[in-house]
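Q: Next up is a structure, given as structure tokens.
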Amino acid sequence: MAAGLKTIIALSFVLAIGFLLVILSSALWHNFLPLIVVATYVIAPLPNWICSRCANPDDFMDSAGNGIVDFGRFLTGFLVLMGIALPALLAHSGAIEIPAMVMSIIGGLLIYGTIISFSMFFQEQEEF
Amino acid sequence: MDVSNNRLFRWTKPEWLNNSAVRTVGVYTSGALFSLGFFFLVDAAAFSHSSLNGSNVHVKFVDWIPGICSALGMLVINSIEKSRLHADSFSYSGAGVAWKARFVLFLGFALLAGGLAGSATVMVLKYLMPKYPLPTLYFGIANVIANGLVMLSTFVLWVSQNIEDDYTYNLAL
């Protein structure tokens, strides 16, 4: 249990650093467009969760259910890459600066990594 | 129903492909590739309307048509139930189900290829023929890259779903 507590503290630390980087990337230039990255990464695991509730992956005979799971994974992959592509797009079209792009991408990846590790921990707890 | 007896090619699919983890990674990769292609289109459009664009050439609706065709083709191809493509050898399917499925599949691939060809057409006719310099030419190049990536994404998703079929089949027996 102590190890789990340590990981949770470390994860929240990483999450805080991620949010710090993203907020800094927008506040330093008084341009709050990079905050969209946070929204993207928060939404990214949602299709996976919703679609895995819709279909039963243990049911191998039912081929109709796996389509929904695949669709959720497709959307998740789409949203994760959107979190990288959106700041690059904004920086390329001059809406934000290049350092802001780098900071928001790194911060967004940290936030998403935290969300993924947290969901893995919860899944491990649920299985028992 | 042994697949190895009536297969068409001399080589078989490698063993590591018949793995559910590979299938999952394939689906994620497909979504990421589609996203990359889509954002190349959006990037060209955003750059064209930003202050960095020195020329007075802009991305119009014409530039979006090939992308729309490719996305529709991807939707059509991956909506088909894969087991219906060789349904004629089974007794439960009605008359001509496989023919219909193959026709719809053909339409999907035609849309996909039409999207790629259309993007090349747009690049040549709108940007290459008037001999625009590079920042303007990028709109056309991004269009071709985007449609190519959507096509690649379709193929990755298609292969991944075929993996799913083999996996299901092996476990159902």
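Q: Which lysines, on any chain, are close to B:K100 with Cα under 27 Å apart, when same-chain ones fewer than 8 places away are left out?
A: B:K13, B:K82
Q: Further, regarding this structure: With r defined as the distance between the Cβ atoms of B:L152 and A:I50 and R0 fixed at 45 Å, what FRET efficiency is calculated, to the nearest 0.05?
A: Working: r = 27 Å, r/R0 = 0.60.
Calculated value: 0.95.
Q: Per residue, what accessible area does the stretch B:25-164 have, given a 1.4 Å probe and all protein chains present, in Å²? Walk me through the numbers before you get to the answer.
A: Values: 6840 Å² over 140 residues.
Dividing the accessible area of the stretch B:25-164 by its residue count gives 49 Å².
Q: Within the stretch B:25-164, what whole-number % of the accessible surface is contributed by carbon and sulfur, with the 1.4 Å probe and all protein chains included in the calculation?
A: Carbon with sulfur: 76 percent of the solvent-accessible area.
Q: Can you give the accessible area buried between chains A and B, summed over both chains, with a 1.4 Å probe, in Å² to the nearest 100? Mind showing how you got there, number by number?
A: On the way: alone 8390 and 10810 Å², together 17140 Å².
Rounded to the nearest hundred, the buried surface is 2100 Å².
Q: Tell me the label-point distance for the pair B:S79, B:W64, using the 7 Å Cα-to-Cβ offset, in nm and rounded to one decimal.
A: So the two model labels end up 2.0 nm from each other.
Q: So which residues of the stretch A:64-100 lose at least 50 Å² of accessible area, probe 1.4 Å, when you go from the chain by itself to every protein chain present?
A: A:D70, A:R73, A:F74, A:F78, A:L81, A:L89, A:H92, A:S93
Q: Please work out how much length the chain gains when fully extended from A:M120 to A:V42, using 0.36 nm per residue of separation minus the C-alpha to C-alpha distance, in nm with one decimal. Let's see the in-between values first.
A: Values: separation 78, 0.36 × 78 = 28.08 nm, distance 1.54 nm.
That pair, A:M120 and A:V42, stretches by 26.5 nm at full extension.
Q: Follow-up question, since we're still on this one. With the crude spin-label approximation of a point 7 Å out along Cα→Cβ, what separation in nm comes out for B:N162 versus A:L20?
A: About 5.0 nm, to one decimal.
Q: Run the numbers for B:F9 and B:M129: contour at 0.36 nm per residue of separation, minus the present Cα-Cα distance, in nm.
A: 38.9 nm
Q: Express the Stokes-Einstein translational diffusion coefficient of the stretch B:25-164 in µm² s⁻¹, to the nearest whole number, given a Kirkwood radius over alpha-carbon pairs, 4 °C and a viscosity of 1.567 mPa s.
A: Rounded, D is 79 µm²/s.
Q: From Cα coordinates alone, what are the radius of gyration and Dmax values for the stretch A:1-51 in angstrom?
A: 14.4, 43
The values are calculated or read from the model by the stated rules, or taken from the named source; none is laboratory data. Worth saying up front: this structure is predicted, and the values here are computed from it rather than measured. As a convention, Cβ positions derive from the backbone with ideal geometry for all residues, glycine included, and neighbour counts pool all protein chains shown. Surface areas here come from the heavy atoms of the whole protein model, side chains and all, with no ligands, DNA or RNA. Shrake-Rupley method; radii C 1.70, N 1.55, O 1.52, S 1.80 Å.
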